[in-house]
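Please read the structure below before turning to the comments.
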Amino acid sequence: MTELTRAFVAVEISEGARRQIADLLGRLGREPGVPVRWVRPELMHLTLAFLGEVSGDFLESAKVRLADVTPQHRVLTMQLRGLGAFPSPARARVVWVGTEQGKDEVCALQAGVVKALRSAGYQPERRPFSPHLTIGRLREPGDVSRAVAVQFESEPFTVDSVVLFRSVLGPGGPAYSRLAELPLRKGQG
Ligand code: ATP
Ligand code: MG
């Protein structure tokens, strides 16, 4: 029998940004309207690649490939700004916070991560990567136009690693644990 692990690759946000998003959720919670299931701030992350249910062999190979690619990308500064929704604010399924500073760098990092994972057998998504931090989900499409009009800007923070996470889905929501943390290259040059 092959044990499968639900896994994804992400970058983490700072504790300061987490607190700022928790405050934002407090403000949004007072907006009347559609039922959004807000993500617990301690679980928030910016997904680079969702791997799905994968084997232990795949994970071992993915770790090695990720460790090869992350030193090719420099530590970056990220700032989160603005809200949005997929597929649109009028018929939202996902509510997110966008990236301001660090967007180009995180896109380059995501492309590198995907390329590395492909060499381990990963089948990437077809749609282009759009960096975002999911903060809420809706079971049925709903209009979140009012909510996404709220102003938000996080502190700038440093992203110095890429994390391979395991996800265990449960009745109380998902639980994430770190399988590997792969550092980005420090300093100049
Ligand atoms: P739940 O599924 O219980 O709402 P979750 O979505 O946070 O919890 P997972 O489904 O394990 O947990 O997903 C882990 C991460 O991967 C999340 O950031 C999620 O948004 C992202 N993700 C999940 N499925 C996909 C997908 N098909 N394409 C892109 N990203 C995905
Ligand atoms: Mg999910």
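The values are calculated or read from the model by the stated rules, or taken from the named source; none is laboratory data. Not measured: the values here are computed from a predicted model. No Cβ is skipped: glycine too gets one built from the backbone with ideal geometry, and neighbour counts run over all protein chains shown. These area figures cover heavy atoms from the full protein model, side chains too; ligands, DNA and RNA do not enter into them. Shrake-Rupley method; radii C 1.70, N 1.55, O 1.52, S 1.80 Å.
Cross-link reach is defined here as a Cα-Cα straight distance under 16 Å, omitting same-chain residues fewer than 8 places apart; for residue 115 the lysines meeting it are 63.
Computed 3J(HN,Hα) for region 146-152, one whole-Hz value per residue from the Karplus formula 6.51 cos²θ - 1.76 cosθ + 1.60 where θ = phi - 60°, is 5, 4, 6, 7, 5, 6, 8, glycine and proline marked x.
For residue 73, the residues whose modelled amide H falls within less than 5 Å of its own, excluding neighbours fewer than 5 places apart on the same chain, are 185.
How much accessible area per residue does the chain have, in Å², with a 1.4 Å probe? Could the numbers behind the result be given before it?
On the way: 10410 Å² over 189 residues.
I get 55 Å² per residue for the chain.
Measuring with a 1.4 angstrom probe and ignoring ligands and nucleic acids, residue 161 comes out at about 10 Å² accessible. The alpha carbons of region 26-79 give a radius of gyration and a Dmax of 17.6, 48 Å, in that order. Legend: translational diffusion of region 97-189 by Stokes-Einstein, Rh = Kirkwood radius over C-alpha pairs, 37 °C, 0.692 mPa s; D = 199 µm²/s. Here the accessible area of the chain is 49 percent carbon and sulfur, with a 1.4 angstrom probe and all protein chains present.
The loop-placed trypsin sites (Lys or Arg not before Pro) in region 76-180, going by DSSP, that have at most 12 neighbouring Cβ atoms within 10 Å of their Cβ come out as 126.
Distances between placed amide hydrogens fall under 5 Å for residue 54 paired with 5, 6, 7, all partners being 5 or more residues away or on another chain.
For the pair residue 22 and residue 181 in one chain, pulling the backbone fully straight at 0.36 nm per residue adds 54.8 nm over the alpha carbon distance. Of the GluC sites (Glu not before Pro) found in region 31-123, the ones in coil according to DSSP and having at most 15 other Cβ atoms within 10 Å of their Cβ are 100.
Return the ratio Rg/(2.2 N^0.38 Å) for the chain, where Rg is computed over Cα atoms only. Numbers along the way, then the final one.
Details: Rg = 16.9 Å, N = 189, 2.2 N^0.38 = 16.1 Å.
This ratio for the chain stands at 1.05.
Only Lys, Arg, Asp and Glu carry charge here, each on its Cβ (+1 for the first two, -1 for the last two); on that basis the chain has a dipole of about 340 debye about its Cα centre.
The H on the amide N of residue 45, modeled in the peptide plane, is under 5 Å from the matching H of 134, each at least 5 residues off or on a different chain.
Give the calculated FRET efficiency between residue 74 and residue 100 to the nearest 0.05, with a Förster radius of 25 Å applied to their Cβ-Cβ distance. The computed FRET efficiency comes out at 0.85. Relative to the Cα centre, the charge distribution of region 1-56, modelled as +1 at Lys and Arg Cβ and -1 at Asp and Glu Cβ, gives a dipole magnitude of about 260 debye. With contacts taken as Cα pairs under 8 Å and at least 6 residues apart, the chain reaches a relative contact order of 33 percent. Each Lys and Arg contributes +1 and each Asp and Glu -1, all at the Cβ; summed about the Cα centre of region 25-79, the dipole is approximately 360 debye.
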